[in-house]
Structure formats: C-alpha cells, structure tokens
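Structure first, commentary second.
Just so it is clear, none of the values below were taken in a lab; they were calculated from the coordinates. As the structure is a computational prediction, the values presented were derived from the model and not from experiment. In this analysis, Cβ positions are derived from the backbone assuming ideal geometry, glycine residues included, and neighbour counts consider all displayed protein chains.
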Amino acid sequence: MAKLRRTRGIVLVTRDVQETDRLALILSEKEGKIPLLVKRARRMESPYGAIFEPTNTVEFIYYVREGPYLLKEGSLLRLFPGLRGDRERLRAALEGLAMVAELLPERSPEPRALRLVQVFLRELEGGLDPGLGLLAFQLKFLSLLGQGPHLEGCVRCGSQEGLTWCPAEGLLCHGCGGRGEEVPPNIWRGMRMLLQLPLGTAGVLRLTRAEKDLVKRLLEEFRGHLRGGPSPQDDCHGAPQTIRYVPGGVAERTKARDLKSLEG
Ligand SMILES: [Zn+2]
C-alpha cells in the first residue's frame, strides 16, 4: 500500500501537465521542497486549481511514491490577497519563489528556507519595497544555502579597494587578479547591507534606479554561474586559478544542478 503523509507548505511554482493536471513544487514543513502532482486541478469543478497556486500556504495529504508525490486532499491555509492585487509585488514574490524552486535540493527539510520565504511574502504584502525586497531575499537565500557571493571585501585578501565582480565568487580586487566589472563601494556595501539587515527593513537603503539595476545585474550574473552557465573564471582572473568556495558550496551547487537536470 502507498504511504500517506500530511504536511503544510508554500506553493513555489506550478506547471500544467497532461490535459488537466498540474505539477506543483511545494516548500513543505516535513520534507522541504517536494514535487506534487495535483490530478484534474484544471477541471472547472476542482477546487485545487485555485488552492495550489504560487504564494499560497496549503495543508495537504499525499501519497509517497516514486517520482512526484500524488495529492490525496488539500486545503488552503493562507493566501496573500495584497500580493495578488499588486502586479509589482506579485512579480517580486514569484521571482523569489522561482529561485527557491530552482536552487533548493529536493526532499530535504529546510526550516530556515521556509521561514525566510514566509517572512518575504508577509513583508512584501505588508509594504516592503518589491525591488529591494527581492534583492535582499535573493542574497539571504543564497547565503543560507552557502552559495552567496563574497561581500566582505576581496574574497582572497580582504582588501576593500579596487574591487571587481567575479560571478563565481563575488568581490575580487585588482591586486588579486580581478579583471571583471568594477564594483563601486556604495554598491557592494549596499549589497552587504541587504544581506545583513532584517528583510523587512530593506526599503531603508537609498539606491538610485541605476544602482538597483546594477545590483540586480551582478546578482543575475552570479546566479547564471550557479546554473552552470559558461564559466566566467577566466574572465575574473588574469590566469585560471583554483576557486575558493564557501564551505559546502561545491556540494550544494552540484546537487542543485543535478536535481535540475533530473527535472528536465
Ligand atoms: Zn585581493
């Protein structure tokens, strides 16, 4: 007999499968990120189409089996109408959740990630600046996974002068072979503040539109590297060097990438 379990969680992303089914990735209390197949979710008479939507908090019973788990029954615990009604906030929320869906390993409880996501959604709904809030959330989430960029001066020597961006690591000074894009002090200090300040206070940071865009772009480059894009190492350094990762970083990166390739 198939085993049944009950848990609660936040719907991260969904996609339609078969003719009327939906596959949801859920960040659950008991098992961390899990794929859940919701049969007939897209039929008119099914309540599950509206319940299993990204950002919603759900409670559900499911069959444990090979491949995606199968929903038996579920209910809605909380939704964020203030997010749903505001396009910019909703977009920030969905982008943050998509990052969690992409990088978090499957089927391994991650209470700190769940807590961070809960705070993110709550603060966004409560009026957090969506642009800065999303950047802060992304930095905090990467750091929680042990995959965040190094923001305490140069990754090799700690210097706070002449810093450039190396998407594999973070900040790298000219003296240590940094050849990437220059990162002005207010930008990397701003990123460090976004990482360190409580998420709800990210809006206090004073960055111009252009500065926010730069932070966003630097983070995107960094994430591109995590996704296993073209290795930027030779662009960061004068010569290829052994890359120093934060502890656990290599294993986690490999894991996240492997899972992604499994999911197709
Ligand atoms: Zn250095």
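Shown here are the Rg and Dmax of the Cα trace of region 1-149, at 15.0, 49 Å.
Would you kindly calculate the mean projected area, averaged across all directions, of the convex hull enclosing the Cα atoms of the chain, in square nanometres?
14.8 nm²
May I ask you to list the residues of region 1-41 whose amide nitrogen lies under 16 Å from a point 7 Å from Cα along the Cα→beta-carbon direction of residue 112? Correct set: 32-33. Could you state the angle between the C-alpha long axis of helix 87-103 and the longest principal axis of the C-alpha atoms of the chain, as a value from 0 to 90 degrees rounded to the nearest 10? The angle comes out at about 90 degrees.
Computed from the C-beta positions of residue 19 and residue 192, the FRET efficiency with R₀ = 45 Å rounds to 0.35. Under the simplified labelling scheme, the residue 30-residue 209 pair shows an inter-label distance of 4.9 nm, with each label point 7 Å from Cα along Cα→Cβ.
Global dimensions of region 51-120 from alpha-carbon coordinates: Rg and Dmax equal 13.4, 38 Å. Compared with the dominant Cα axis of the chain, that is its longest principal axis, helix 185-196 is turned about 40°. Coordinate range of the alpha-carbon atoms in region 96-218 per principal axis, descending: 42, 34, 19 Å. Compute the FRET efficiency between residue 94 and residue 61 as 1/(1 + (r/R0)^6), taking r as their Cβ-Cβ distance and R0 = 25 Å, and round to the nearest 0.05. Efficiency for this residue pair is about 0.45. Calculated FRET efficiency, residue 87 and residue 4, Cβ-Cβ r, R0 45 Å, to nearest 0.05? According to the calculation, E is roughly 0.70. So what's the angle, to the nearest 10 degrees on a 0 to 90 scale, between helix 249-263 and the longest Cα principal axis of the chain? The angle comes out at about 40 degrees.
Net charge in the neighbourhood of residue 11 (other residues with Cβ under 12 Å of its Cβ; Lys, Arg +1, Asp, Glu -1) is +3.
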